[in-house]
1. Straight-line reach from residue 93: which lysines have a Cα under 18 Å away, not including same-chain ones fewer than 8 places off?
2. Taking a ≥ b ≥ c as the square roots of the Cα gyration tensor eigenvalues, with a/c under 1.5 meaning rounded and otherwise prolate when a/b beats b/c, else oblate, which class fits the range 1-135?
3. Taking the DSSP beta bridges in the range 65-137 as the whole, what percent of them are antiparallel, to the nearest 5?
4. Label residue 58 and residue 225 with points 7 Å out from Cα along Cα→Cβ: what is the distance between them in nm?
5. If you count the DSSP beta bridges with both ends in the range 158-249, what percent of them are antiparallel, to the nearest 5?
6. List, in order, the whole-Hz ³J(HN,Hα) value for each residue of the range 6-21 obtained from phi through the Karplus relation with A = 6.51, B = -1.76, C = 1.60 and θ = phi - 60°; use x for Gly and Pro.
7. Each label point is 7 Å from the Cα along the Cα-to-Cβ direction; what then is the distance between the points at residue 37 and residue 158, in nm?
8. For a label point 7 Å from the Cα of residue 69 along Cα→C-beta, name the residues of the range 31-56 whose backbone N is under 18 Å from it.
Amino acid sequence: MRRIHHVGIVVTRLAEAYPFYRETLGLPLLKEAVIPDQGVRAALLACGDTEIELLEPLGAVSSVGRFLAKRGEGLHHLCFETPDIDAALGRLKEKHAELIDQAPRAGLAGRIAFLHPKACCGVLVELATPTETEHAVSAPVRLKRLVIGARDVKETTEAFQSLFGFPKVAMNGGPRTMLAVGRGALLIVPSEEVGGTEGMVALSLVAEDFAALMAAFDRAGARCLRGAGEVTLERPASHGVHLHISRYE
Ligand code: CO
């Protein structure tokens with residue numbers, strides 16, 4: 001796995017999410033398309049060396065429509081890029097990983113396949129092999145890490161390591177673990193630290209120009225909690241995502 005290709009976020013309507021994600025946060029739109037197969041209208045936005053995928057359900061019966069009805073807007077799935085999705089799926093089958101897709105299909109990010117959330121302790125994981133060359137597009141923020149709540153940190157860490165081979169990043173003890181994925185990382189924390197949530201709980205981004213971003217937040221009247229060199233968005237402002245943005249690594 002080369003990198004976190006994108007983080008998928010379910011929103012009620014793309015048009016309502018664009019003012020925050022495209023204008024206030026300033027993420028460039030890479031593509032937008034209807035994917036009938038997944039019952040969504042989806043958009044990919046550049047976010048450093050990864051991307052944010054916004055998903056609008058086309059109806060209430062699709063899995064994304066059911067997710068929205070049950071949980072509201074928010075983090076939905078995580079996608080890793082692999083150079084050869086057929087080989088990657090083959091290796092996952094050898095490991096008896098539970099899969100939603102037994103064979104790759106066409107998605108917005110290229111040829112894609114979903115694992116069952118049970119395979120990764122409650123995190124819905126997608127794999128993608130882009131079919132066209134993606135050109136680096138600069139963005140004012142980039143992904144630093146994705147926070148995952150785990151009932152058992154060791155078990156979740158081992159699930160991601162055994163399926164995808166991510167190396168551990170040294171941490172100074174404590175109950176958390178961190179796995180490196182390209183330039184980004186997965187931070188796995190005990191679910192009791194994050195209100196009992198199992199699965200994806202928060203995104204941490206780094207701003208290239210923090211002062212300019214704060215000025216954009218002021219202009220938009222974004223509801224947030226500000227500290228020295230960091231800001232946390234309240235969930236309605238960021239469409240259900242606990243979003244933490246900092247000035248530094
Ligand atoms: Co996706």
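Quick note: the coordinates plus some simple rules give every number you see, no bench work behind them. Remember, it's a predicted structure, so these values are computed and weren't measured experimentally. Cβ coordinates were reconstructed from backbone atoms using ideal geometry, including for glycine residues, and neighbour counts include every protein chain displayed.
1. 118
2. Taking the square roots of the gyration eigenvalues as a ≥ b ≥ c, the range 1-135 is oblate.
3. The answer is about 65 percent antiparallel.
4. Between residue 58 and residue 225, the label points sit 4.0 nm apart.
5. Given both bridge residues lie in the range 158-249, the antiparallel proportion sits at roughly 75 percent.
6. Calculated HN-Hα couplings, in order: 7, 10, x, 10, 7, 10, 5, 9, 4, 4, 7, 8, 4, x, 6, 5 Hz.
7. Label at residue 37, label at residue 158, 3.5 nm between them.
8. Under cut-off, by backbone N: 38-41, 56.
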